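Scroll down for the structure; my scribbles are underneath it.
The values are calculated or read from the model by the stated rules, or taken from the named source; none is laboratory data. Predicted model only: the values in this text are computed from it and were never measured. In this analysis, Cβ positions are derived from the backbone assuming ideal geometry, glycine residues included, and neighbour counts consider all displayed protein chains. Ligands, DNA and RNA are excluded from the accessible area calculation, which covers all protein heavy atoms including side chains. Shrake-Rupley method; radii C 1.70, N 1.55, O 1.52, S 1.80 Å.
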Protein chains: 2
Amino acid sequence: MDVIPDAILPKGFTANAVACGLKKSGKPDLALIHSSSAALASCMFTTNKIVAAPVTLCREHLKKNKVFHAIIANSGNANCFTGTAGIADARRTAASTASLLGVKPISVLVFSTGIIGKRLDAGKIVSALPRLCAGLSLRGIDAAKKAIMTTDTFSKAASAQCVIGGRRVTICGIAKGSGMIGPNMATMLAFIMTDAYITQGCLDRSLKEAVRETFNCVTVDGCMSTNDSVAVLANGRAGNKKIRSGGDAAVFARALKAVCLSLAKMLARDGEGATKFITIHVKKARTFDEARTAALAVANSPLFKTAVYGQNPNFGRIACAVGASGIDVSEKGLRVHMGPLDRKDVVINISLSRGDAACTVYTSDLTPEYIKINAEYN
Amino acid sequence: MDVIPDAILPKGFTANAVACGLKKSGKPDLALIHSSSAALASCMFTTNKIVAAPVTLCREHLKKNKVFHAIIANSGNANCFTGTAGIADARRTAASTASLLGVKPISVLVFSTGIIGKRLDAGKIVSALPRLCAGLSLRGIDAAKKAIMTTDTFSKAASAQCVIGGRRVTICGIAKGSGMIGPNMATMLAFIMTDAYITQGCLDRSLKEAVRETFNCVTVDGCMSTNDSVAVLANGRAGNKKIRSGGDAAVFARALKAVCLSLAKMLARDGEGATKFITIHVKKARTFDEARTAALAVANSPLFKTAVYGQNPNFGRIACAVGASGIDVSEKGLRVHMGPLDRKDVVINISLSRGDAACTVYTSDLTPEYIKINAEYN
């Protein structure tokens with residue numbers, strides 16, 4: 001599957017971004033994605049028990065409603081741990097956006113990212129909405145992908161196309177995330193737009209399957225965020241025969257997974273302070289989950305991550321992390337191979353001698369710069 | 001309970017240390033603790049599935065045998081992930097020590113700490129044993145506590161005395177640990193000597209109870225080691241009425257726990273690269289384990305640890321870590337209070353509004369120095 005590392009909006013979508021004053025730097029911090037046709041939505045959210053107000057609101061909208069028109073997302077403030085005031089702020093954001101777009105408030109999905117525990121100044125968002133809506137365009141997605149960044153050092157976008165029933169279907173994703181990237185859905189913001197005509201069930205299954213092996217296999221610091229979410233909007237504008245199951249579903253799922261994998265790898269590559277992009281292959285596990293547990297235990301070990309940073313081929317730390325991961329591994333069955341450490345991209349191969357399942361996890365090294373970024377971030 | 005931050009060997013114990021050449025620095029790296037009377041032993045080991053050869057050997061000795069005479073411990077090499085050769089090396093160390101002391105090999109407990117995955121040069125240990133044994137003395141414990149250090153910046157010892165049936169009982173512990181300090185028994189080496197006369201059952205129960213709230217409530221980097229162990233030797237030389245249960249057992253358990261707590265706090269205070277000693281109190285939990293889970297989730301969060309390093313009062317990161325810990329907490333029920341961050345000792349109070357249980361966990365901050373130490377360590 002060819003994936004283009006760029007945002008190519010599917011039919012019927014437009015986007016835009018502005019600076020509304022939430023980021024101290026004055027950089028763009030408010031993004032809008034609009035579908036002129038009603039779109040199905042499928043979302044996956046963090047499993048953190050403390051969730052941000054916009055996550056609560058999105059869950060409510062997804063429960064009450066089946067068609068969606070817009071994604072509004074701000075950076076600079078997570079609107080989390082903000083109580084009932086935070087919910088009201090998210091609701092106000094949705095209502096104002098809906099009013100300007102001429103749609104129902106429950107057809108708007110709201111997302112926030114940034115600092116936790118500070119009240120969101122929704123007034124700034126509301127004031128900026130008219131010019132945000134007025135400037136919607138096809139190329140506005142480039143501004144949108146930048147406006148959702150926090151500590152990211154580069155913006156993240158990926159697009160893929162597939163042919164279903166003779167019609168070209170486009171899938172376009174943008175994502176943000178760099179720190180507080182942990183291994184349990186969902187650990188960043190990712191918005192995926194497609195013009196595929198597809199059933200809700202097939203869209204949900206395709207997303208769940210894609211997330212399992214992509215976003216849920218990325219970790220920077222093992223910290224599961226309170227906010228982060230993956231949302232797919234599918235507006236059906238490609239005009240393909242409706243995707244329900246079988247071969248068409250497989251083609252779509254493959255393209256969606258390719259876009260998610262491309263974005264997920266970008267998240268790891270842009271890990272806060274990272275100097276290395278690390279791929280950890282675990283094979284010969286009993287199950288995928290067992291392989292993933294072992295791989296994530298290594299990926300989240302600060303001792304492993306600092307060893308890679310220091311180009312220190314200390315494979316004992318890998319054995320230690322696998323042994324502590326909770327899986328039933330034996331010293332005799334464990335094989336560890338570290339690729340060269342003097343490169344930007346480092347590959348670790350681990351074999352457990354327990355079965356035929358495998359999993360690949362992506363991560364970054366732990367560096368003094370990670371600490372500098374997070375000691376100062378507020 | 002008054003605890004003296006020094007090593008005061010109980011009756012019947014002597015110790016010594018020498019440099020046998022395992023540490024590149026040439027510093028002392030081989031410690032011996034000897035009890036002239038046969039002693040009961042109680043040990044707890046790491047729950048890592050990959051364990052060092054000396055852990056395997058100790059388990060074998062503890063299974064086959066009930067009376068012990070010596071602890072031999074080297075730093076500079078963990079003798080872990082070293083296969084059957086590693087077991088043979090540990091066995092040779094025990095046999096040589098036993099031969100020089102005139103005791104059975106199975107009455108010797110062997111411990112190692114240092115790098116994982118490199119063969120231990122047991123020949124160096126065997127060559128140094130004659131002078132190590134010849135120099136055993138009461139004050140040799142000061143050399144022993146230093147010889148077990150790896151990246152520790154200070155040596156760790158604590159002693160307490162209690163009166164049982166009119167006789168003074170002494171409990172003396174030494175410990176090492178600074179990195180690879182994680183929260184699941186046992187994450188360092190700790191050797192505790194007592195002259196208490198006690199039943200095996202009571203000794204085992206007292207140790208288990210003490211470890212649960214002390215060593216198992218300390219974390220530096222969440223990395224559970226392959227080697228680390230707590231061993232208590234009780235030689236009965238205090239001449240007290242045998243401790244079995246009831247009041248005497250409670251007095252002994254309290255003193256043992258005080259020694260363990262004192263050592264555990266030193267481990268956190270000496271966390272690799274630490275600039276802060278952090279105490280995390282979690283209260284109003286359903287159970288002790290729930291409180292501990294929440295406290296350790298915060299203590300192991302790199303985002304929390306870097307925030308404390310940066311004196312950045314980002315309490316949202318605490319809420320995020322508690323929410324991701326797996327316990328069933330609600331935003332409404334969660335209360336977080338951070339003490340002043342501009343001090344060496346930082347106190348965090350967290351209330352869950354779920355019950356009456358509490359737990360206190362000790363940790364350190366995450367600093368660029370931690371990364372420097374672990375990027376270079378080999």
Qualifying residue in region A:19-28 (condition: crowded, with 19+ Cβ neighbours inside 10 Å and of a type in the set (D, E, K, R)): yes
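Can you find a residue that is open to solvent by 20 Å² or more (accessible area, probe 1.4 Å), within 8 Å of another protein chain (Cβ to nearest Cβ) and part of a loop (DSSP other than H, G, I, E, B) anywhere in region B:313-324?
Checking region B:313-324: at least one residue is open to solvent by 20 Å² or more (accessible area, probe 1.4 Å), within 8 Å of another protein chain (Cβ to nearest Cβ) and part of a loop (DSSP other than H, G, I, E, B).
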Conditions (1) surrounded by fewer than 24 Cβ atoms within 10 Å (Cβ to Cβ); (2) part of a helix (DSSP H, G or I); (3) not assigned by TED's automatic domain parsing to the domain that holds B:Gly114; number of the one not met by B:Gly247: (3)
Residue selected from region A:152-172 under the condition touching a Ser or Thr at 6+ places or on another chain (Cβ under 7 Å) and within 30 Å of A:Leu100 (Cβ to Cβ), by the criterion modelled with the lowest pLDDT: A:Asp152
Per-region count, region B:105-162, residues out of contact with any Lys or Arg (no Cβ under 9 Å at 6 or more places or on another chain), charged (D, E, K, R) and in contact (Cβ under 8 Å) with a residue 24 or more places away in the chain: 6
Residues being closer than 23 Å to A:Glu209 by Cβ, assigned to a helix (DSSP H, G or I) and open to solvent by 20 Å² or more (accessible area, probe 1.4 Å) - total across region A:40-63: 3
Scan of region B:64-89 for residues that are within 14 Å of chain A (Cβ to nearest Cβ) and assigned to a helix (DSSP H, G or I), ordered by number: B:Gly83, B:Thr84, B:Ala85, B:Gly86, B:Ile87
Conditions (1) touching a helix residue (DSSP H, G or I) at 6+ places or on another chain (Cβ under 6 Å); (2) of a type in the set (A, V, I, L, M, F, W, C); (3) surrounded by 24 or more Cβ atoms within 10 Å (Cβ to Cβ); (4) modelled with pLDDT of 95 or more: number failed by B:Ile198: (1)
Meets criteria (surrounded by 24 or more Cβ atoms within 10 Å (Cβ to Cβ) and within 11 Å of another protein chain (Cβ to nearest Cβ)) for A:Asp328: no
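For region B:250-289, what are the residues that are among the charged types (D, E, K, R) and either over 21 Å from B:Tyr362 (Cα atoms) or in a helix (DSSP H, G or I) (or both)?
Passing the criteria: B:Arg254, B:Lys257, B:Lys265, B:Arg269, B:Asp289.
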Any hit, region A:110-122, residues being assigned by TED's automatic domain parsing to the domain that holds A:Leu62, over 19 Å from A:Asn227 (Cα atoms) and either surrounded by 18 or more Cβ atoms within 10 Å (Cβ to Cβ) or at pLDDT 95 or above (or both): no
Count of residues meeting criterion [assigned to a loop (DSSP other than H, G, I, E, B), of a type in the set (D, E, K, R) and open to solvent by 60 Å² or more (accessible area, probe 1.4 Å)] in region B:332-378: 5
Where a residue in region A:292-312 is acidic (Asp, Glu) and its partner, wherever it lies, is open to solvent by 10 Å² or more (accessible area, probe 1.4 Å) and in a helix (DSSP H, G or I), with Cβ under 7 Å and at least six apart: none
